[in-house]
1. Restricting to DSSP loop positions (anything but H, G, I, E, B) with no more than 13 other Cβ atoms inside 10 Å of their own Cβ, which GluC sites (Glu not before Pro) remain in the chain?
2. Relative to the present Cα-Cα distance, how much length would full extension add between LEU21 and TYR38 at 0.36 nm per residue of separation?
3. Determine the share of the chain's accessible area contributed by carbon and sulfur atoms, expressed in whole percent, with a 1.4 angstrom probe.
4. Counting only heavy atoms of protein chains, what accessible area per residue, in Å², does the chain have with a probe of 1.4 Å?
5. Please give the FRET efficiency for MET75 paired with SER28, using the beta carbon to beta carbon distance and R0 = 35 Å, rounded to the nearest 0.05.
6. For a distance above 18 Å, tell me the whole-number percent of Cα pairs in the chain that qualify.
7. Between ILE64 and LYS8, with labels modelled 7 Å along Cα→Cβ, what's the label distance in nm to one decimal, could you check?
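The values are calculated or read from the model by the stated rules, or taken from the named source; none is laboratory data. In this text, all values refer to a predicted model and were calculated from it rather than measured experimentally. Positions of Cβ are generated from backbone atoms using ideal geometry, with glycine treated the same way; all protein chains shown enter the neighbour counts. SASA here: full protein model, heavy atoms, side chains in, ligands and nucleic acids out. Shrake-Rupley method; radii C 1.70, N 1.55, O 1.52, S 1.80 Å.
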Amino acid sequence: MEKQIKCKNCNEDIIVIENKLFFSEEKSETSIECPICYNVLENLSTDGWFFVQTKKEHLKENKIKQSKEKLTFPMP
């Protein structure tokens, strides 16, 4: 799950990515905080964890992933 939230305190766009466990367990509630001003944005529940970053960081990370050279090895 990927969700975009706008911080009401600093107006920063925040991307929240849920990483679920491979084997599902009991869900627990987690407070999602803005990485800039630490304002609580939402309370979400998951059986894994949440990765929280600004939209600028998220776009930069995606650009880096796309620009990586894909190495292919010739088959013998």
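1. GLU25, GLU26, GLU69
2. Working: separation 17, 0.36 × 17 = 6.12 nm, distance 2.57 nm.
Length difference between fully extended and current span is 3.6 nm.
3. Summing carbon and sulfur atoms, their accessible area is 52 percent of the total for the chain.
4. Values: 6280 Å² over 76 residues.
Using a 1.4 Å probe on heavy atoms only, each residue of the chain averages 83 Å².
5. Values: r = 47 Å, r/R0 = 1.34.
That pair, MET75 with SER28, gives E of 0.15.
6. 52
7. Those two pseudo-labels are separated by 3.3 nm.
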